[in-house]
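> My questions all concern the structure below.
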Amino acid sequence: EAGVTQSPTHLIKTRGQQATLRCSPISGHTSVYWYQQALGLGLQFLLWYDEGEERNRGNFPPRFSGRQFPNYSSELNVNALELEDSALYLCASSLGMMNTEAFFGQGTRLTVV
Amino acid sequence: QKEVEQDPGPLSVPEGAIVSLNCTYSNSAFQYFMWYRQYSRKGPELLMYTYSSGNKEDGRFTAQVDKSSKYISLFIRDSQPSDSATYLCAMTAGGTSYGKLTFGQGTILTVHP
């Protein structure tokens, strides 16, 4: 069974541009979570989607947004990129709302120059 | 003060040693406690999760939770070079934090042959 898949693996953008990151959850999982792992800051919770709805968001500005599609895949959009947005963006999925068993993808490495 | 504190190490041990990894937390609302392992350039992999105080064992791994002291531990017995990775503790509470995992900074572990 395929795990959580993220694309692209690497992304290089210029400051001020927009970035779109994609995530496909494990088959049967309805919840998708996004985390940012910046150097020295650990994993920070960004967003949680379940059944197509945004259920919770972390302490990030509104230029971080996303959505979940009917097939439960998800997209994270970061507008007006800043240098400090450079990080590994991780997507996780879980069966329903049980985030105690969340499985992570390999991440998208976003570099803003 | 961070909600979850974890000694970043690095921790270096010889093969076969018993490893003890620890986290302390300040939010008494945390109910579920998880340990993840993250290899370089990979996403975090769930090792174990526990609910409430006590011990939980899985093979060479034992997770321990002491809610009264707000302290959790992960013990690795008979450590192997393949255990070399970053170990992350994570916690979650219900209510408005639903869906959000709060992570420690991670402890870098190296097991020498």
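> Does residue B:74 satisfy being in contact (Cβ under 8 Å) with a residue 24 or more places away in the chain, crowded, with 21+ Cβ neighbours inside 10 Å and more than 12 Å from the chain's Cα centre (by Cα)?
Taking the combined requirement at face value, the residue does not satisfy it.
> Now for a separate question. With respect to residue B:44, is the statement that it is of a type outside the set (Gly, Ala, Ser) and in contact with a Gly (Cβ under 8 Å, 6 or more places away or on another chain) true?
Judged against the criteria, residue B:44 is not a match.
> Moving on. Considering only the range A:20-113, give the strands (runs of 3 or more DSSP E) lying wholly within it that have at least 3 residues that are open to solvent by 60 Å² or more (accessible area, probe 1.4 Å) and within 13 Å of another protein chain (Cβ to nearest Cβ).
A:53-57
> Every residue in the range A:5-19 that is open to solvent by 30 Å² or more (accessible area, probe 1.4 Å) and touching a Lys or Arg at 6+ places or on another chain (Cβ under 6 Å), please.
Hits for the range A:5-19 are A:7, A:10.
> Residues in the range B:10-38 that are part of a strand (DSSP E or B) and either of a type outside the set (Gly, Ala, Ser) or at pLDDT below 95 (or both): how many?
Of the residues in the range B:10-38, 16 are part of a strand (DSSP E or B) and either of a type outside the set (Gly, Ala, Ser) or at pLDDT below 95 (or both).
> Right, here's the next one. Here are some residues: B:82, B:68. Which one is assigned to a loop (DSSP other than H, G, I, E, B) and either without any contact (Cβ under 8 Å) to a residue 24 or more places away in the chain or more than 18 Å from residue B:28 (Cβ to Cβ) (or both)?
Among B:82, B:68, only B:68 is assigned to a loop (DSSP other than H, G, I, E, B) and either without any contact (Cβ under 8 Å) to a residue 24 or more places away in the chain or more than 18 Å from residue B:28 (Cβ to Cβ) (or both).
> Right, here's the next one. Whether any residue in the range B:44-57 is farther than 14 Å from residue B:92 by Cβ, facing chain A (nearest Cβ under 10 Å), in a loop (DSSP other than H, G, I, E, B) and among the charged types (D, E, K, R) is what I want to check.
No, there is no match, as no residue in the range B:44-57 is farther than 14 Å from residue B:92 by Cβ, facing chain A (nearest Cβ under 10 Å), in a loop (DSSP other than H, G, I, E, B) and among the charged types (D, E, K, R).
The values are calculated or read from the model by the stated rules, or taken from the named source; none is laboratory data. All of these numbers come straight from a predicted model, not from anything done at the bench. Heads up, the Cβs are rebuilt from the backbone with ideal geometry, glycines too, and the neighbour counts pull from every protein chain shown. Calculation scope for accessible area: heavy atoms of the full protein, side chains included, ligands and nucleic acids excluded. Shrake-Rupley method; radii C 1.70, N 1.55, O 1.52, S 1.80 Å.
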